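See structure below.
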Amino acid sequence: MSQHHIPYHVATEIGFGVFVFQIDPRQKFLSANPTFKKMLGIGNQAELESFTLKKLFINEDLVEEFLGELDEEGKIEFFDFPHPNYPAVNKWLTVSAKIDTNDQQTTITGVVQDITNYKEAQHKLNEEITILQGFLDSMPDAVYFKDRKNRLTKVNKFYADGFGMSE
């Protein structure tokens with residue numbers, strides 16, 4: 001069993017792609033679970049080892065940003081990026097990872113998750129918020145919402161203008 005072995009039950013049952021990527025001495029993916037391979041269209045170990053960070057992130061600037069933050073912090077959480085070469089269009093992925101260093105090599109161990117549904121829901125929510133604010137702003141009376149602690153949480157334009165809260 002290699003040092004970079006991912007237990008089979010973990011590899012097949014979770015909805016996250018798990019990977020180990022060697023930075024030094026030579027950049028390559030050492031291991032990944034089936035979810036990671038399926039997510040990125042990788043068929044076998046040879047394809048995995050030839051897969052690069054640029055193929056994952058598609059964009060060299062994203063690779064540099066990812067590695068820069070990892071180098072600075074030692075870890076990165078929820079690095080979101082669009083992935084146009086994903087099996088379907090308009091997909092979003094997120095990576096969380098940590099650098100591991102020993103005498104022989106430096107590796108990145110991490111997880112990749114498809115967050116497309118989250119991004120779509122976030123986009124729809126933002127659209128609904130914009131529609132609600134437009135509706136509220138069209139009312140000729142002061143409208144406001146407060147939370148349970150009696151703090152204003154949302155006001156319309158009429159209220160904001162009347163109480164000097166406009167930007």
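The values are calculated or read from the model by the stated rules, or taken from the named source; none is laboratory data. Quantities reported herein were computed from a predicted structural model and do not represent experimental measurements. FYI the Cβ positions are ideal-geometry reconstructions off the backbone, even for glycines, and counts take in every protein chain you see.
Here's the yes/no breakdown for (1) on the phi < 0 side of the Ramachandran plot; (2) surrounded by 15 or more Cβ atoms within 10 Å (Cβ to Cβ); (3) not acidic (Asp, Glu):
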{"position": "Leu67", "(1), (2), (3)": "yes, yes, yes"}
{"position": "Glu73", "(1), (2), (3)": "yes, no, no"}
{"position": "Asn90", "(1), (2), (3)": "no, no, yes"}
{"position": "Gln113", "(1), (2), (3)": "yes, yes, yes"}
{"position": "His123", "(1), (2), (3)": "yes, no, yes"}
{"position": "Glu128", "(1), (2), (3)": "yes, no, no"}
{"position": "Gln133", "(1), (2), (3)": "yes, no, yes"}
{"position": "Pro140", "(1), (2), (3)": "yes, no, yes"}
{"position": "Asn156", "(1), (2), (3)": "yes, yes, yes"}
- Item | Residues of the stretch 24-73 satisfying the condition of being among the small types (Gly, Ala, Ser), in contact (Cβ under 8 Å) with a residue 24 or more places away in the chain and over 15 Å from Val111 (Cα atoms) | Gly41
- Sort out which residues of the stretch 91-120 are within 12 Å of Leu30 (Cβ to Cβ), modelled with pLDDT of 90 or more and out of contact with any Lys or Arg (no Cβ under 8 Å at 6 or more places or on another chain), and write them in order of number. Asp100, Thr106, Thr107
- Message: Given the condition closer than 23 Å to Thr101 by Cα and in contact with a strand residue (DSSP E or B) (Cβ under 9 Å, 6 or more places away or on another chain), answer yes or no: does some residue in the stretch 34-41 qualify?
- Response: yes
- Note on the structure: Scanning the stretch 135-167 for residues that are within 36 Å of the chain's Cα centre (by Cα), in a loop (DSSP other than H, G, I, E, B), modelled with pLDDT of 90 or more and charged (D, E, K, R) gives Asp147, Arg148, Lys149, Arg151
- Task: Would you mind finding the one in Thr101, Thr94 that is in the same structural domain as Asp71 (by TED's automatic domain parsing), without any contact (Cβ under 8 Å) to a residue 24 or more places away in the chain and touching a helix residue (DSSP H, G or I) at 6+ places or on another chain (Cβ under 9 Å)?
- Result: Thr94
